[in-house]
Structure formats: structure tokens, C-alpha cells
Amino acid sequence: MNDPHEHALTCEQALDAIHARFDDALTDDDDAALDAHLATCDACREFEAGLPFVCETVRRLPDIGLPDDALDAVFAATTRRRSAPLLYRLMTRWQTAVAAAVVAFALLLGTLTPRRSPPAPSPEVEQAYAEAQFVVQLTGRVLNEVQHTALDEIGEIRATPAVQRVSGLWSIATDDTQH
Amino acid sequence: MTSEEFGQIVMAHKDRVHTYAIWMLRNGDDAREVAQESLTRLWQHRGDVRNGSAKAWLLRTTHRLCIDRIRRKNTATTVGLDDLAGPPAAGEPGPVRQMERQELRAKVMAALAALSPRDRAVMLMREYNDMSYEEIADALGMSLAALKTTIHRARGRLRHALNGAGVHSS
């Protein structure tokens with residue numbers, strides 16, 4: 001059996017090994033030697049404990065967006081467009097948010113527009129809608145994902161007889177609980 | 001590289017390139033010019049750059065442009081920490097907690113800004129841009145062994161600066 005002290009690391013060697021371990025570049029033998037050193041060296045152990053935090057502070061630096069006029073100048077000088085293509089403009093964060101809001105508004109507008117022949121809701125959707133209404137109105141609890149989806153879907157087909165039946169059931173349940 | 005691919009690469013990396021330049025130059029106007037130049041040069045050299053290596057190419061070019069500018073100016077220009085802070089993080093909690101985080105962020109940024117350009121460069125490339133050792137060595141014109149030593153020392157210096165500012169891991 002080898003003498004464990006034969007290959008004992010110095011602190012300088014241990015520091016290199018700590019960095020290598022952090023970068024997933026340490027061999028198994030060196031890993032064991034490092035552990036043996038850390039077991040007896042407070043300073044190196046403290047350094048190893050703090051290293052991830054140091055690197056994380058740099059990893060978490062915020063991106064500082066390139067100004068739009070500089071981006072436009074890049075595209076004007078390269079692909080000979082006057083400015084960044086509309087699609088690329090929409091890829092910037094706030095513009096994406098605005099685009100998303102516009103889309104959402106358009107969808108909402110679509111739901112308020114009378115339809116000629118709305119699709120019938122499935123029984124599962126009807127049930128989920130009833131549960132969702134019950135939960136929201138009577139308990140004030142947050143809807144789960146299924147209930148949210150059901151509400152979104154049912155919004156498209158609000159006027160169908162099936163939905164009216166569901167709403168009626170919900171209304172009866174509401175009256176019962178108020179007594 | 002088609003113009004469409006170029007556009008996608010620009011949109012994917014423009015902010016990282018710009019942020020790197022800001023940290024190296026510590027001057028917003030210079031950083032914007034360097035970022036713009038680096039992205040423009042990518043188009044000019046598009047025949048020499050594989051799409052998969054565009055990020056490393058851009059950061060290498062940005063770094064060299066930054067160094068050129070630093071040497072030409074040879075002045076320690078400074079930019080306010082507010083300029084380095086970027087946009088506020090989404091979903092931040094109450095005002096007291098926000099102040100604590102801002103204070104911590106300011107200390108971290110001050111510590112990073114105080115590093116030498118070489119130390120700052122290796123930290124930004126390795127930790128912020130997640131570049132491999134080979135890519136960084138190529139970008140900086142160093143051997144792998146020299147780069148490893150530089151990164152190790154940069155990490156140590158940053159840790160020392162953070163400790164000095166009272167910033168510790170919890």
C-alpha cells in the first residue's frame with residue numbers, strides 16, 4: 001500500500017487542484033490527493049468553499065443591451081437594410097412584450113366576436129369549467145393548470161347550451177352555500 | 001453564412017458582445033462603437049467563420065478591438081456602476097430586499113471593475129460567456145498553461161476583492 005503522505009499536496013498545488021476540480025478537469029488520483037489536503041488545511045478548504053460564489057457573481061452579470069441605433073447601423077452597413085428587419089426588432093425584450101400584448105388583445109377580441117357555429121365543448125372541458133367556476137367563486141383559491149386551460153377554451157364557446165347548463169349548475173351551488 | 005444566418009447570430013450575441021466591451025472599456029460610447037465594429041466585421045469575414053464558432057470569433061474580435069482602444073487612449077476612463085447594472089431584474093421583491101441586492105451588486109461590480117484588463121477579460125470570457133479554455137487561449141493569444149495560471153490568479157484576486165468589500169458566500 002502506498003504511503004498517503006508520499007503524494008501530499010502543497011497549498012500551491014492544492015489551489016491549482018481546486019481550480020481544476022471546479023472546471024471538472026481533475027483526475028481521480030488528484031481528486032483523492034486534494035481531499036486529503038483539504039482534510040487538514042482550513043485555508044484551502046475555505047478557498048474551495050468560496051470559489052463557486054466568486055465565479056457565480058460574474059456568471060450572473062446582467063446583459064447590457066446594444067442600443068437600437070447601433071444595431072440598425074450594423075444591419076445598414078452589412079446586409080444593406082435600412083434598419084434591422086422587423087422580425088429582429090420584435091426579438092428585443094420590450095418589443096416582444098408589446099407584440100405579445102397585441103396578440104393577446106387580438107385573441108380576446110376574437111372571443112367577443114360572435115361565431116356562426118361554435119364548437120361543442122367536450123365533457124371534460126365542461127366539467128373542468130364547472131369546477132373552475134366553483135373554486136374561484138366559492139373558495140377564492142388559485143386555479144390549477146387544467147382549470148385555467150378549461151377557462152381559456154370555454155371562453156371561445158361561451159354561448160353554447162352546454163355552457164349554460166354548467167353555469168346553471170354553478171349558480172345553484174352558489175345559492176346553496178349562501179344559506 | 002447567409003444574411004439570414006448573420007441576422008440570427010447578431011441577435012443572439014449582440015448584447016453579450018456589448019456587455020463585454022462595456023466591462024473592458026468602462027465607457028458606454030466606446031463600447032457601443034466597438035460592439036458595432038465587431039458585428040460589422042463578422043459580416044465582412046463571414047466566409048471565414050463557421051456559424052458554430054461565431055460567438056468565439058465575435059468575442060475574440062471584440063477583445064482585440066477593446067485592447068486596441070485601451071492602448072490608444074491609455075486613460076482610465078470610468079463609467080458609473082449604474083451603467084454597468086443593466087436593466088432591473090424581473091420579479092425582484094420588496095424595497096428593502098431590492099436595496100440589499102443593489103448594494104451587493106454594486107460591490108460585485110466594483111470588485112470586477114478593479115481587476116486588471118487581463119484578469120477582467122479572462123473572467124468575463126470564462127464565467128460570463130462560458131467559453132472553453134481553448135477558445136479563450138486562442139482569443140488572447142496565450143498558451144493553455146499560461147491561461148490556466150491567469151484564470152486561477154484572476155479568480156483569487158476577485159475573491160480577495162470581494163472579501164475586502166465584505167461580500168462572502170452565505
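All of the numbers you see were taken from the coordinates with simple rules; none came from a lab. These numbers come from a predicted model, not from an experiment. FYI the Cβ positions are ideal-geometry reconstructions off the backbone, even for glycines, and counts take in every protein chain you see.
Brief remarks follow.
- Simple label model, 7 Å out from Cα along Cβ direction - A:Thr79 to B:Ser116, nm: 4.1 nm
- Look at the stretch A:68-77: the mean tally of other chain Cβ atoms within 10 Å of its residues' Cβ atoms is 5.
- Neighbourhood net charge (10 Å Cβ-Cβ; Lys/Arg +1, Asp/Glu -1) for B:Arg126: -2
- Neighbours of A:Gly50 by Cβ distance under 12 Å: Lys/Arg scored +1, Asp/Glu scored -1, total 0.
- Taking a sphere under 15 Å around the Cβ of B:Gly52 and counting the other residues whose Cβ falls inside, with K and R at +1 and D and E at -1, yields a net charge of -2.
- Ranking of B:Tyr20, B:Tyr133, B:Tyr128 by count of other Cβ atoms within 10 Å, fewest first: B:Tyr133, B:Tyr128, B:Tyr20
- Within the same chain, lysines fewer than 8 places from B:Lys14 are excluded, and of the rest, those with a Cα less than 23 Å from its Cα are B:Lys55.
- Taken along the Cα-to-beta-carbon direction at a fixed 7 Å, the label points for B:Ala165 and A:Thr27 span 3.9 nm.
- The mean number of partner chain beta-carbon atoms within 10 angstrom of a residue's beta-carbon across peptide A:47-57 is 6.
- Hz values of 3J(HN,Hα) by residue in the range A:51-56 - Karplus curve (6.51, -1.76, 1.60), Gly and Pro given as x: 4, x, 5, 4, 5, 5
- For the range A:26-52, the residues whose backbone nitrogen is under 12 Å from a point 7 Å from the Cα of A:Ala8, taken along Cα to Cβ, are A:36-41.
- For the pair B:Glu4 and B:Thr149, label points projected 7 Å from Cα toward Cβ lie 4.9 nm apart.
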